[in-house]
Amino acid sequence: MTDLNDKLETAVHPENLRRVAIDPVSRVEGHGKVTLLLDENDRVHQVRLHIVEFRGFEKFVQGRPYWEAPVMVQRLCGICPVSHHIAASKAMDMIVGATLTPTAEKVRRLMHYGQILQSHALHFFHLSSPDLLFGFDSDVAKRNIVGIAAAYPEVAKQGVLLRKYGQEVIRITAGKRIHGTGSIPGGVNKNVSIEERDYLLKDIEQMIAWSRDALALIRQLFEQNLDSYNAFGRFKTHTLNLVREDGALDLYHGGLRARDMDGNTLFDHYDYSHYWDVIFEDVKTWSYMKFPFLRSLGPEQGWYRVGPLSRVTQCDFIPTPLANQARKAFMAFNGGSATGATLGFHWARMIEMLHAAELIQELLHDPDLQGSELVSKGQRQERGVGVIEAPRGTLIHHYKVDEHDQIVRCNLIVSTTHNNQAMNEAIRQVARQYIDGRKLTEGLLNHIEVAIRAFDPCLSCATHALGKMPLQVELLDVEGDVLSTLTRSADGAFS
Amino acid sequence: MSDTFQLDGASIPFKAGQTVMQAALAGGHYIPHLCYHPEFKPHGSCKVCTVKVNGRTAASCTMPAEAGLSVESNIEEMNGLRRTLVQMLFAEGNHFCPSCEKSGNCTLQALGYDLEVHTAGFRHMYPDRPLDASHPDILLDFNRCILCELCVRASSEVDGKNVFSLAGRGIAKHLIVNAKSGLLKDTNIALTDKAMQVCPVGVILQKRIGFSVPIGERRYDQRPISAQALDDAPRQADASGSCTACEGTP
Ligand code: SF4
Ligand code: FES
């Protein structure tokens, strides 16, 4: 690639290139678009993932009473509303000066683990298994959950029931599967009754067993495709995630840990209520989504990756036995090669799904869930920051509330935003590996989507189409005229 | 033997001075309503209670009961009109039920469910109505006001304070606070006032209560409004002045 720019972010001479757009990217949450600039020899000059983001929300919430935020923010996303519900509640805990009661914290954790379970199950079984089980350039008409249900009915069934179980945990803790109200400033509005607990206990063993099966499946896929899985979209990156005081994986609470791409610790157990001292957001003209970076490394070098792969590899251990064992196996597999692979995301995600299932079981046996002290408060504060590890990665909610109880400022950094640059790096790598110099086919373009999907991005948190999103790829000449078009209709047929 | 009139084929007894609504509720028959409240003089503004009396439409909350009247209420024609009225109320204000703390306790929402109103039906007007959060303990969210005047009536008739009024006409009609500054903090409203209890929607709110009642335990979670209206009729305030039937303040 001597005559090409190495980074592929911005082409040197875009005027002579033809443009290919993948719009929208399918089987991801929401709406995203990828554009490629190619020359007449099919060499790739520029690759970009563009995202429509939810900046509007931060304005919308201004003027609203603070206690409304944890419920209102759920409208950000139909896929992981609970993550926003809990992150905003944590910020509001600070506003009301609360230290949570054991019951409140445990009910919230249970809700959160239910969300992790259902979100990870949805992603692995519905959105990614078609690529993984059929192959990235397999018959596109079958490469969807309907195809999976036909070829692997047991896998499809487990996916549906794991997800449903997670949603039941959410319903019981939040009051509803979506737009629940369970988490409120300073605590929760309900506990978990004995009947509700028993109802959930009934199936938890099965959920743990199926989570282990899913882990075995992803391991087997890595074994079968060792070289290609290891190399696919591989790139080096810094990482960011929360860890518990003792270094354990903790998805609900902790301090921030950042490591550079060589594993050196940049900061650890950093108090997230001052996150802006270590993380800053950059803006680029071609994307609505901001590009956060680690301040100490600067905007060029400081981008990082969040989410399951960062969490599982960067924590010191996982505090539930089966998931911890699974983590050790993952770290040791083939000399640790999967821990740096973009497809390693799937493996890490399944470890977390097992961890969530184990935690749910543990919590269900905890009598604090039936406690009656639900809410606490203390010295009222002006500023509140809530951070959790959402299914897709670190989620930051930050509010300023005035003396009339109205929100005057809000800043959100959602998981997918943290991963913005990392996803761009991954697809550039895939473009180099699979597309550069070749005639484009749908199968080749799907490789780009596979790399994006590995991150489980939630691109606009609005629509959700289970592999049936219409997709159009256009080849344009330098004048912008369409040379040829590849279209996938909503039923998956290509023309 | 008291006089009777016919309501949807049933014989309804009434006492002199009762309206069609009062007699119907007392006799165990529900007629949908919004601005009617058993403790206040009928107001007749929302028109949700409209019925057909001897073939002509009338507001049942203001219509005096008379012997021999033939009243039709639970018929598709009237329910269709009620649905449209409720849709217009939803379209006129900013009612975002999923993030409204009155959800589950809101009369407008409950009525919407009961009448099977599934969409706003009209283009939303998205009015710009800033909150009044000036009072330390009470929040006014004008976005949800349906101009029923219950708070106006409660404040003047029961509390003797006159905190609220309606101003403007037609589509420009709106709720105002009777203070020079126009702000609630400059009135003598108190949390214990009747005006705090009567708002059928989420305008007059005690601060920092928010979503503290879980889904499932809110007023309309278990039983629809049509079933509950009968329990409450006739509704009375208890010795402490609070009316258990009124939504809002526990
Ligand atoms: S504030 Fe409530 S009670 Fe007062 S007029 Fe508006 S809707 Fe009616
Ligand atoms: S209830 Fe009769 S007009 Fe409103």
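Of everything in segment B:103-119 that is more than 11 Å from chain A (Cβ to nearest Cβ) and open to solvent by less than 20 Å² (accessible area, probe 1.4 Å), the residue that is farthest from B:Gly216 (Cα to Cα) is B:Leu115.
Is at least one residue of segment A:179-199 more than 14 Å from chain B (Cβ to nearest Cβ) and assigned to a loop (DSSP other than H, G, I, E, B)? No - not one qualifying residue is present in segment A:179-199.
Within segment A:266-286, the set of residues being closer than 19 Å to A:Val414 by Cα, surrounded by 14 or more Cβ atoms within 10 Å (Cβ to Cβ) and not acidic (Asp, Glu) comprises A:Tyr270, A:Tyr272, A:Ser273, A:Tyr275, A:Trp276, A:Val278, A:Ile279, A:Phe280, A:Lys284. Being over 16 Å from B:Gln18 (Cβ atoms), out of contact with any Pro (no Cβ under 9 Å at 6 or more places or on another chain), away from ligand 2 (no atom under 14 Å from the Cβ) and away from chain A (no Cβ under 14 Å) holds for only one residue in B:Asn79, B:Asn54, and it is B:Asn54. For the condition at pLDDT below 75 and within 21 Å of A:Glu281 (Cα to Cα), A:Leu76 qualifies.
Summed over segment A:276-302, residues that are modelled with pLDDT of 90 or more and touching an Asp or Glu at 6+ places or on another chain (Cβ under 8 Å) total 3. Restricting segment B:23-51 to residues that are touching a strand residue (DSSP E or B) at 6+ places or on another chain (Cβ under 8 Å) and within 11 Å of ligand 2 (Cβ to nearest atom) leaves a set whose member that is farthest from the other protein chains (Cβ to nearest Cβ) is B:Val51. Take B:Ile215 and tell me if it is touching a Ser or Thr at 6+ places or on another chain (Cβ under 9 Å), away from ligand 1 (no atom under 16 Å from the Cβ) and open to solvent by 20 Å² or more (accessible area, probe 1.4 Å). For B:Ile215, the condition - touching a Ser or Thr at 6+ places or on another chain (Cβ under 9 Å), away from ligand 1 (no atom under 16 Å from the Cβ) and open to solvent by 20 Å² or more (accessible area, probe 1.4 Å) - is met.
Right, A:Thr394: among the β-branched types (Val, Ile, Thr), open to solvent by less than 10 Å² (accessible area, probe 1.4 Å) and either assigned to a helix (DSSP H, G or I) or free of Cβ contacts under 8 Å to residues at least 40 places away in the same chain (or both) or not? No; evaluated as a whole, the condition is false for this residue.
Evaluate the following for A:Asn411: is it in contact with a His (Cβ under 9 Å, 6 or more places away or on another chain) and open to solvent by less than 40 Å² (accessible area, probe 1.4 Å)?
Criteria met by A:Asn411.
Residue-level check: of (1) under 17 Å from A:Gly180 (Cβ atoms); (2) more than 14 Å from chain B (Cβ to nearest Cβ); (3) more than 21 Å from the chain's Cα centre (by Cα), A:Trp67 misses just (2).
State which residue is farthest from the other protein chains (Cβ to nearest Cβ) when the search covers only segment B:142-174 and only residues that are open to solvent by less than 30 Å² (accessible area, probe 1.4 Å) and within 16 Å of ligand 2 (Cβ to nearest atom). In this case the residue turns out to be B:Arg153.
Listed here are the residues, each with its yes/no results for (1) under 26 Å from A:Phe345 (Cα atoms); (2) open to solvent by 50 Å² or more (accessible area, probe 1.4 Å); (3) not assigned by TED's automatic domain parsing to the domain that holds A:His447.
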residue	(1), (2), (3)
A:Gly147	yes, no, yes
A:Ala150	yes, yes, yes
A:Ile194	no, yes, yes
A:Asp198	no, yes, yes
A:Met207	yes, no, yes
A:Ala231	yes, no, yes
A:Leu242	yes, no, yes
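If I filter segment B:142-151 for residues that are of a type outside the set (A, V, I, L, M, F, W, C) and over 29 Å from B:Asp8 (Cβ atoms), do I get at least one hit? Yes, segment B:142-151 contains a residue that is of a type outside the set (A, V, I, L, M, F, W, C) and over 29 Å from B:Asp8 (Cβ atoms).
Remark: pairs (first residue in segment B:191-204, under 10 Å from B:Lys102 (Cβ atoms) and open to solvent by less than 10 Å² (accessible area, probe 1.4 Å); second residue of a type in the set (Ser, Thr, Tyr) and within 16 Å of ligand 2 (Cβ to nearest atom); Cβ separation under 8 Å; 6+ apart in sequence or on different chains) = B:Pro200/B:Thr107; B:Val201/B:Thr107. Take the residues in segment A:419-456 that are of a type in the set (Asp, Glu) and either under 24 Å from the mean Cα position of the chain (by Cα) or over 24 Å from A:Phe124 (Cβ atoms) (or both), then tell me which one is surrounded by the most Cβ atoms within 10 Å (Cβ to Cβ). It comes out as A:Asp456. Any residue at all in segment B:174-197 that is away from ligand 1 (no atom under 15 Å from the Cβ), under 24 Å from A:Arg64 (Cβ atoms) and assigned to a helix (DSSP H, G or I)? Yes, the conditions are met somewhere in segment B:174-197. Filtering segment B:1-41 to residues that are within 16 Å of ligand 1 (Cβ to nearest atom) and buried (at least 22 other Cβ atoms within 10 Å of the Cβ) leaves B:His33, B:Leu34, B:Cys35, B:Tyr36, B:His37. Surrounded by 14 or more Cβ atoms within 10 Å (Cβ to Cβ), more than 23 Å from B:Leu89 (Cβ to Cβ) and either more than 11 Å from ligand 1 (Cβ to nearest atom) or at pLDDT below 95 (or both): is that true of B:Ala133 in this structure? So B:Ala133 fits the description; yes.
The values are calculated or read from the model by the stated rules, or taken from the named source; none is laboratory data. These numbers were taken from a predicted model, which means no experiment stands behind them. Here the Cβ is made from the backbone with ideal geometry for all residues, glycine too, and neighbour counts use every protein chain on show. Each accessible area value is taken on the protein alone, full model and side chains, heavy atoms only, with ligands, DNA and RNA left out. Shrake-Rupley method; radii C 1.70, N 1.55, O 1.52, S 1.80 Å.
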